[in-house]
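None of the figures in this text is laboratory data; all of them are computed from the coordinates on show. What you see is a predicted model; the values in this text were computed from it and never measured. Quick reminder, even Gly has a Cβ in these numbers, built from the backbone with ideal geometry, and neighbours come from all protein chains shown.
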Amino acid sequence: MRIFSSLRSVVSALFHRSRMDEEMEEELRAHIQDRADDLERSGLPRAEAERRARLEFGGYQKFKEEIRETRGAHFLETLIQDLRFGLRMLRKSPGFTAIAVLTLALGIGANTAIFTIANGLMLRTLPVRDPGQLVELLHHYPGEPEPGFNGFSWDAYRIIRDSNHVFSDLIVGGVNFFTVSADNLQPQTVFGGGIGGNFFEALGVQAAAGRLIGPEDVHTGDPASVAVVSWSFWKSRFDLDPGIIGKKIVVSDAPITIIGVAQRGFYGLSHEAQQDIWLPISLGPSPGWGFGLLARLKPGVSLQQARAEMAVLFQTVVNAPDAGPFVKEMKLRIEPAGNGVMTPLSQMLSTPLRVLMATVGLLLLLACANLAGLLLARGASRRHEMAVRVCLGAGRTRLLRQMLAESLLLSLLGCIVGIFLAYFATHALIRVFASGRVISGLPVHFEVLTNPDAHVLLFSLAIALVTGLLCGAAPAVSASKTQPSSALQQASRIGESKSRRLFGKSLVASQVALSLVLVSSAAVFVEYLSQLRNRDLGFERNNLLLVTLDFAHSGYDDAQLPRLSQELVMRLDAIPDVRSATFSDMSPMQGPGASSFAFAEGHPEKQTQASINYVAPDYFKTYGTPFLAGRDFSTRDEAGSAVAIINEAAAHDSFGNENPIGKHITLSHVTLTKGDKTFEVIGVVADAKYNDLQQAAPPTIYADLLQQSFIGSQLAIRTRIDSRGIASAVRQTEGDLLKTVPIVRIMTMNQQMDSSIVPQRLIAMISTAFGGLGALLAVIGLYGLLAYTVASRTHEIGVRMALGAAGIDVLRMVLRDALWMVCAGLAIGAPLAFWGKRVAAGLIPDLPVGSFLPFVVAAAMMIAVGLIAAYLPARRAMRVDPMVALRYQ
Amino acid sequence: MAEHAQILPGNLDLLILKAVSLGPLYGYGILLRIEQISRGALLIEQGALYPALFRLVRQGLLKAHWDTSENNRRTKFYELTAAGRKRLREEEDGWNRLVAAIASALKAQPEGT
């Protein structure tokens, strides 16, 4: 009832506002007239009586205001009034409004952009039953990227399934990609998964058509013959054809029958790698580590309990008698998977996102300090207005609310513009993500990362409101303290209140401190990136073209291919501007390669982990890796005994100071030969990076591609000119000779290197942008605040000059003040910046944190900015005619 | 003329309720009546009256209607509602208890005299 009546009074107050005002007016008028009657009766003339009555009643408007405040509609009514007035004030000073809105938009936009991606990548929950209970099992091998890979052996699966007490379901299922084709369907790469029989049941997924894969489909040892597709695949590829059940398709070269469609909206285990097809996995003893594992925690079991038990259980796997040397060093990780399992994309972005979230937070703080400064300066210029309002009966809370309404209005405008900026920023970022080597060419749903959802909008709105309140608070409080008398006399011209001046100064200092942190960390990341790109690679990066071929469906038999590839190399060599060409199994920075344990002849105790590559003759000549000893492979080696070339690191690790030429080296567990293999060392080459720019070149063993009858899919061509210039000639030559072997991709070595360091490039690129923005904001903020401090001292400066100070003294004084503030900021910012670097170094190994240069550059920049920002207003102050300044009041 | 006493905040409401309990009154009349029944000891600031009246109306303790005063002016008359009457009784009791308690406290003599 109460709610209704007050609601009614709000509504009626809003609609009948003018009538209520009139009534109030009439009642108060009657009161004054009554009083005047009484006074008249006591002997005063009517006119005097009325005047006296009005005087006695006091501030008529003030009481009206108080009465209004007791009315129900007051809050809403004044809010609308405040906002409307605020808008008018903002329109009146478009320059201030534009700068304030832009400042906020940059701060809010940067935060929204990063949050949008973080939200899309790791905050949304999967469309499965009870996603909170879902965990993912990962194995981690020392030296490999964190947190690890989801792949387990049959034994590991069996032991975990049979002996754990913490999981209610152990689900076989991971994210892979397949090529799907059918009679009238172009081959298409899609994400999918090989799954166990309980996958759909344990995730709580129903069938939209047909039936789902169950335990009866999972046959030990049989390759999959059936598949379930996603609803969106059914729609986009089959147009919801009801005849899909029983349809024959080809999945990665195997004939498959579709038996069902999963329920609408189910897209598997990851938001960005949405799965379209699921195949039953052959659940039985198998040599590899190919089982992806998920599990559902039993009710009441915490993640920590599960981790503790599984760590113990995994020891059984690791210590099994037949476990290889790799397995012995493995660790098990258990990570929550309710927001999506780890994918190459989320792995690639997790570090950059963490670094960037911290940076955008700083940027927002800086924007806040900036806006607070702008509002403070503006508040000073509006003091007269405030005084008039106080005299006219505005209450303190009313002024406070008015000022807050204005700053909130600003932050809402900033929020809207910021969301727009964020939209473009995320799309720009996505283009960088897409160039990453681990995901290029895969059907990643980037739109999941860029589409702002309700969470994102709420997030932006929330930071906008907080920013508005934070920035608006101080100026609003100071405005509400306006004393009518002093302000009306323009006494404010004489000087600033101490606290207000201190607040302004501390704003300058904090802006300097924040931008120092931003600029110096940006400089660190840029330096890091340039170091990465210019490290000693062990090969020549420029003028090198890399071509990836796909021999899978060529139709040639294995005996023909080595000849054909040699023929291709010869024809490529004949292209003008080509120095040399070669084949290999891997090209540097292409991605994860092969590795094994190497045993050197005469040193059975020495076991070195070595990376492996299979290369054709002229590989080292083409890549520009110098020989230190011995010779290159040649076509004569084909028929002879197995030979290998090793790099310096491998020579040192395996043979110490001995000459390795002519000695033998044995590789165990070679992935492709599945057994030990012994090679005679015929050459030693300089160390070269293998697949990771950050890590030192690993010990590497190069085997002869032709001798081992391998087909190298990686073609490398050294050119005399910019290698992009010969791309079309290469296509032409390759197409003429190998019509059935498509070129998967052509890129320069530099591009391939860049695609391997997307996270580092992202951090450097974005933090540079943020550092630049930070510096820009600091310039604007410093200029505004210093101009304001100097302007508020105009009178003081006038007095000084009247007393004989020279212009240069005034200039010096103002500049010294500014320098002081900047230095205070630097003093605060320096430890922050160093601390920030330490934090960043914890996230990114071998960050060049020892370098002082970025810091010095940033500090010098801040000082320059501060002096320029102070010089302009100081020059204006210097030119002030003392008489004018004194008369100003 | 008696010396003016300070009106504590909150007591104004009680006085208004009391004044109006004797019959419907308009704003200026309420002032006069309070002066009269306090024998001139309590003077109400004129402007403070109206916010208080609005507040009491909003709380449902008073209701208002338009009528013509004895000075022949159209103005708003206030009278007690049932809730207002109840509140007045409670406030009177509370006030009396408070006054009695303070009075007895003030009457206390040092022990042993």
(request) Return the sequence-ordered ³J(HN,Hα) values of the range A:552-569 in whole Hz as given by the Karplus equation 6.51 cos²θ - 1.76 cosθ + 1.60 applied to θ = phi - 60°, using x for Gly and Pro. (result) 4, 10, 6, x, 6, 8, 4, 6, 6, 4, x, 4, 5, 5, 5, 4, 4, 4
(request) Calculate one ³J(HN,Hα) per residue across the range A:439-446 by plugging θ = phi - 60° into the Karplus curve 6.51 cos²θ - 1.76 cosθ + 1.60, and present them in order as whole Hz with x for glycine and proline. (result) 10, 5, x, 8, x, 6, 7, 5
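Over 28 Å between Cα atoms: which of A:LYS621/A:LYS677; B:LYS18/B:LYS76; A:LYS677/A:LYS739; A:LYS663/A:LYS689; A:LYS298/A:LYS331 fall into that group? Walk me through the intermediate numbers first.
Working: A:LYS621/A:LYS677 26 Å; B:LYS18/B:LYS76 18 Å; A:LYS677/A:LYS739 35 Å; A:LYS663/A:LYS689 24 Å; A:LYS298/A:LYS331 23 Å.
In this structure, A:LYS677/A:LYS739 exceed 28 Å between Cα atoms.
Hand me the GluC sites (Glu not before Pro) from the range A:637-733 located in a DSSP loop with no more than 16 other Cβ atoms within 10 Å, in residue order please. Show your work: numbers first, answer last.
Numbers: sites: A:GLU638, A:GLU648, A:GLU658, A:GLU680; in loops: A:GLU658.
The qualifying sites are A:GLU658.
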(request) Can you give me the P(r) profile for the protein assembly as shown? Cα pairs, bins 20 angstrom wide beginning at 0, each as a whole percent. (result) 10, 27, 27, 19, 11, 5, 0
(request) Return the average number of partner chain Cβ atoms within 10 angstrom of each residue Cβ along peptide B:66-76. (result) 4
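Please work out the FRET efficiency for the pair A:SER728 and A:GLN186, using the Cβ-Cβ distance as r and a Förster radius of 22 Å; give the result to the nearest 0.05.
Values: r = 25 Å, r/R0 = 1.13.
After rounding to 0.05, the efficiency reads 0.35.
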(message) Around A:LEU667, under 11 Å between beta carbons, what's the net of Lys plus Arg minus Asp minus Glu among the other residues?
(response) 0
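Work out the FRET efficiency for A:PHE852 and A:THR316 from their Cβ-Cβ distance, taking R0 = 60 Å, and round it to the nearest 0.05.
For A:PHE852 and A:THR316, the calculated efficiency is 0.70.
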(request) Kindly provide the Kirkwood hydrodynamic radius of the range A:275-318 in Å, to one decimal, from all pairs of distinct alpha carbon atoms. (result) 13.4
(request) Work out, step by step, the length gained on full extension between A:LYS606 and A:ALA47: first 0.36 nm times the residue separation, then minus their alpha carbon distance; give nm to one decimal. (result) 189.6 nm
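Among A:ARG793, A:ARG51, which comes first, then next, by fewest other beta-carbon atoms within 10 Å? Walk me through the numbers before you get to the answer.
Details: A:ARG793 24, A:ARG51 14.
The order, fewest Cβ neighbours first, is A:ARG51, A:ARG793.
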(request) Please compute the Cα-Cα pair-distance distribution of the range B:11-107 with 5 Å bins starting at 0, giving whole percents from short to long. (result) 2, 13, 22, 22, 20, 10, 5, 3, 1, 1
(request) Can you tell me how much longer the chain between A:LYS92 and A:SER286 gets when fully stretched, taken as 0.36 nm per residue apart minus their C-alpha distance, in nm with one decimal? (result) 62.3 nm
(request) Between beta-carbons, use under 9 Å as the cut-off and find the net charge around A:LYS689, counting Lys and Arg +1, Asp and Glu -1. (result) -2
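Charges at C-beta only: +1 for Lys and Arg, -1 for Asp and Glu. How large is the resulting dipole of the range A:691-837 about its Cα centre, in Debye rounded to 20? Walk me through the intermediate numbers first.
Values: 12 positive and 9 negative charges, 40 e Å.
Dipole magnitude for the range A:691-837 comes out near 200 debye.
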(request) Can you check how the C-alpha radius of gyration of the range A:551-741 compares to 2.2 N^0.38 Å, as a plain ratio? (result) 1.04
(message) Given an 8 Å cut-off on Cα distances and at least 6 residues of separation, report the relative contact order of chain A as a percent.
(response) 15
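For the range A:457-616, what Kirkwood radius comes out of the mean inverse Cα-Cα distance, in Å?
Numbers: mean 1/r = 0.0403 Å⁻¹.
Taking the inverse mean of 1/r over all distinct Cα pairs, the range A:457-616 comes out at 24.8 Å.
Using only Cα atoms, what Kirkwood radius does the range A:107-178 have, in angstroms?
Values: mean 1/r = 0.0646 Å⁻¹.
The Cα-based Kirkwood calculation yields 15.5 Å.
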(message) Quick check on packing: order B:45-51, A:151-157 by the mean number of other C-beta atoms within 10 Å, highest mean leading.
(response) A:151-157, B:45-51
(request) Give the Debye-formula value of log10 I(q)/I(0) at each listed q (0.18 Å⁻¹), with one equal scatterer per alpha carbon of the range A:131-345, two decimals each. (result) -1.30
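Report Rg(Cα)/(2.2 N^0.38 Å) for the range B:50-113, keeping two decimals.
Numbers: Rg = 19.4 Å, N = 64, 2.2 N^0.38 = 10.7 Å.
In units of the 2.2 N^0.38 Å rule of thumb, it is 1.82.
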(message) On a straight-distance basis, which lysines could pair with A:LYS248 in a cross-link, Cα separation under 22 angstrom, same-chain partners fewer than 8 positions away excluded?
(response) A:LYS235
(message) If you wrap a convex hull around the alpha carbons of the range A:641-772, what volume per residue comes out, as a whole number of Å³?
(response) 189
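About its Cα centre, what dipole magnitude does the range B:11-107 give when the only charges are +1 on Lys and Arg Cβ and -1 on Asp and Glu Cβ, stated in debye to the nearest 20?
Values: 15 positive and 10 negative charges, 31 e Å.
Value, rounded to 20: 160 debye.
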(request) Treating only the Cβ atoms of Lys and Arg (+1) and Asp and Glu (-1) as charged, compute the dipole magnitude of the protein assembly as shown about its Cα centre; round to the nearest 20 debye. (result) 4980
(request) Extending each Cα 7 Å along its Cβ direction at A:ALA434 and B:ILE37, get the distance between those two points in nm, one decimal. (result) 8.2
(message) Can you divide the C-alpha Rg of the range A:278-417 by 2.2 N^0.38 Å and report the result to two decimal places?
(response) 2.07
(request) Set Lys and Arg Cβ to +1 and Asp and Glu Cβ to -1, take the dipole of the protein assembly as shown about its Cα centre, and tell me which of A:GLY441, A:SER270, B:LEU32 lies farthest positive. (result) B:LEU32
(request) Report, as an integer, the average count of C-beta atoms from other chains found within 10 Å of each Cβ along B:47-57. (result) 5
(request) Please find the FRET efficiency linking B:HIS65 to A:PHE420, where r is the Cβ-Cβ separation and R0 is fixed at 45 Å, and quote it to the nearest 0.05. (result) 0.20
(request) Please average, across the residues of A:21-33, the number of beta carbons from any other chain that are within 10 Å of each residue's own beta carbon, and give a whole number. (result) 5
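Two decimals is fine: what's Rg over Rh for the range A:282-347, C-alpha atoms, Kirkwood radius as Rh?
Working: Rg = 14.0 Å, Rh = 14.1 Å.
Ratio value, two decimals: 0.99.
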(message) Run the numbers for A:ARG396 and A:LEU872: contour at 0.36 nm per residue of separation, minus the present Cα-Cα distance, in nm.
(response) 167.8 nm
(request) Percent of Cα-Cα pairs per 5 Å bin, from 0 to the last occupied bin, for the range A:775-882, please list those. (result) 2, 12, 19, 17, 13, 11, 8, 6, 5, 3, 2, 1, 0
(message) Show me the ranking of peptides A:416-423, A:106-113 by mean Cβ neighbours inside 10 Å, starting with the highest.
(response) A:106-113, A:416-423
